[in-house]
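What follows draws every value from the coordinates through simple rules; no lab data is involved. Treat the numbers as computed from the prediction; the structure is a model and nothing was measured. Here Cβ is always computed from backbone atoms with ideal geometry, including for glycine, and neighbour counts include all displayed protein chains.
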Amino acid sequence: MGIPHTEEARRAYREMIVATPGVGDCISGVILYDGTIRQKVHDGTPFIKVLTDAWIILGIKVDAGAKDMAGDPGEKMTEGLDRLPARLQEYVQMGAGFPKWWAVLAIGDGIPSQDCIVANAQALEHYAVMCQEGALVPIVEPEVLMNGTHTMELCGTATEGVPRFTAEARKANRALVDLLGPIAERKNATPAQIALAWLLAQKPWIVPIPGTTKVHRLQENVAAVAVELGESDLRVIESATLQITVQGARYSEAP
């Protein structure tokens, strides 16, 4: 297309997006790279100010990229935990509201392996703790790559490699959803809204981030803020959950 591959060309392209009039009416949050969060529009105004003035929440990608995993051909291990607390502190001072860590799992012949799943899960855990200690709300989202010639069935099998997502565990854990039904009916809400309301009632600094691309689900999640759970409601939920054992480990055990 004749567009030069230069830093200025990339900055100008990003400015075209960032400075679009009314962009805040369509976008509520962005995830920037370390280089992008430091850039400015042509008049010297930082991207950060342009975005925050448009009421857009700033996210920042904090990992150092996925590298080849030693001893496991075809698999990746995300790096970047070194000096992460110091970098998070800088991002907070710059105005970032949430971080993103890119953990990837590829599907192929014999992969993802248990080594890869466990290693990336542990890195995600350390990253999340560091973020919370640094006053940031982390996005914890391992990504199963769709690239490849594998079938949908194999993709499902790879996803179910995490014990909690097996068909048996999902069926058993349905009891957690069912116990919220009566409370949801009394509150004229959905079980999902009751779950979010319970989460918000635990700590004043908890900020759940809806993981959906569907508008009606987003509206459902946002409406949970208006659901009020009294002390008796919270006691009922706590008592019921103590009687239900969640099936399936959160992560696979290391071999």
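Observations on the structure shown:
- Lysine pairs in the chain whose alpha-carbon atoms fall under 19 angstrom of each other, counting only those eight or more residues apart or on distinct chains, come to 8.
- Computed over Cα pairs, the Kirkwood radius of region 1-125 leads via Stokes-Einstein (0.890 mPa s, 25 °C) to a diffusion coefficient of 147 µm² per second.
- Considering only the chain, percent of DSSP beta bridges that pair antiparallel, nearest 5: 30
- Each Cα pair under 8 Å and six or more residues apart adds its separation to the average, and for the chain the resulting relative contact order is 15 percent.
- Normalised contact order of region 54-141, rounded percent, pairs of Cα under 8 Å and 6 or more residues apart: 34
- Cα-based Kirkwood hydrodynamic radius, region 79-209, one decimal, Å: 17.6
- Each Lys and Arg Cβ is given +1 and each Asp and Glu Cβ -1; about its Cα centre, the chain then shows a dipole of about 500 debye.
- Volume in Å³ per residue [convex hull over Cα atoms, computed for the chain]: 187
- Part-to-part distance (alpha-carbon centres) for region 59-89 and region 2-19, which is given in Å: 26
- Which of GLU75, GLU168 has the fewest Cβ neighbours within 10 Å, and the rest in rising order: GLU168, GLU75
- Close amide H contacts of ILE31 (hydrogens built in the peptide plane, cut-off under 5 Å, sequence separation of 5 or more or a different chain): GLY59.
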